[in-house]
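Trainee: My questions will all concern the structure given below.
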Amino acid sequence: MKKHLVFLALTGMLGSASAADIVGNAKAAENKVSMCIGCHGIPGYKASFPEVYQVPMLGGQSAKYIENALRAYQKGERKHPSMMGISASLSDQDIADLAAYYSQQK
């Protein structure tokens with residue numbers, strides 16, 4: 001029994017370490033940005049749901065900022081219905097890829 005608990009604890013630590021080691025691939029994100037460009041790819045675009053606001057441009061933002069923002073939407077710490085729904089569908093690799101892609105844009 002004790003060996004099982006040690007094994008489970010080690011497995012859990014290895015799983016979380018691998019998620020932190022994910023490296024974003026900007027090239028892979030080219031097939032993932034279609035869900036973003038409808039709002040974030042239009043200069044001066046204003047969304048009207050749930051209220052009217054200026055949609056931020058993602059190009060040139062730091063990868064860390066984009067990763068943190070998407071994870072905050074996933075956790076419900078940031079509240080925007082569309083972004084919460086989109087971020088819920090993203091894997092850790094998707095987030096890293098999108099962050100790498102947009103951080104390299106100008």
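Trainee: Which residues, counting only those in the range 68-101, are outside any helix (DSSP H, G or I) and either of a type in the set (Ser, Thr, Tyr) or closer than 21 Å to Asp21 by Cβ (or both)?
Mentor: So the first thing to find is which residues in the range 68-101 are outside any helix (DSSP H, G or I), and the list is 76-80, 89-91.
Passing the criteria: Ser89, Leu90, Ser91.
Trainee: If you don't mind, there's one more thing I want to ask. Look at the range 33-52 and say how many of its residues are modelled with pLDDT of 90 or more and open to solvent by less than 50 Å² (accessible area, probe 1.4 Å).
Mentor: Final tally of qualifying residues: 3.
Trainee: Need pairs with beta-carbon distance below 7 Å; first residue crowded, with 16+ Cβ neighbours inside 10 Å and within the range 83-106, second among the polar types (S, T, N, Q); sequence gap 6+ or separate chains.
Mentor: Short answer, once both residue conditions are applied: Ser87/Gln74; Asp97/Asn25; Ala100/Asn25; Tyr102/Gln61; Ser103/Gln61; Ser103/Ser62.
Trainee: What residue, among those in the range 79-106 that are at pLDDT 95 or above and of a type in the set (D, E, K, R), is farthest from Pro43 (Cα to Cα)?
Mentor: Across the range 79-106, the extreme among qualifying residues is Asp92.
Trainee: Looking only at the range 57-67, decide whether some residue is outside any helix (DSSP H, G or I), open to solvent by 70 Å² or more (accessible area, probe 1.4 Å) and without any contact (Cβ under 8 Å) to a residue 24 or more places away in the chain.
Mentor: Filtering the range 57-67 down to residues outside any helix (DSSP H, G or I) leaves 57-62.
Right, trim to open to solvent by 70 Å² or more (accessible area, probe 1.4 Å) and you get 57.
Adding the requirement that they be without any contact (Cβ under 8 Å) to a residue 24 or more places away in the chain leaves 57.
Yes, the range 57-67 has at least one match.
The values are calculated or read from the model by the stated rules, or taken from the named source; none is laboratory data. As the structure is a prediction and not an experimental result, all values here were calculated from the model. Counting neighbours? That spans all protein chains shown, and the Cβs are built from the backbone with ideal geometry, glycine included. Accessible surface areas use protein heavy atoms only, side chains included; no ligands, DNA or RNA. Shrake-Rupley method; radii C 1.70, N 1.55, O 1.52, S 1.80 Å.
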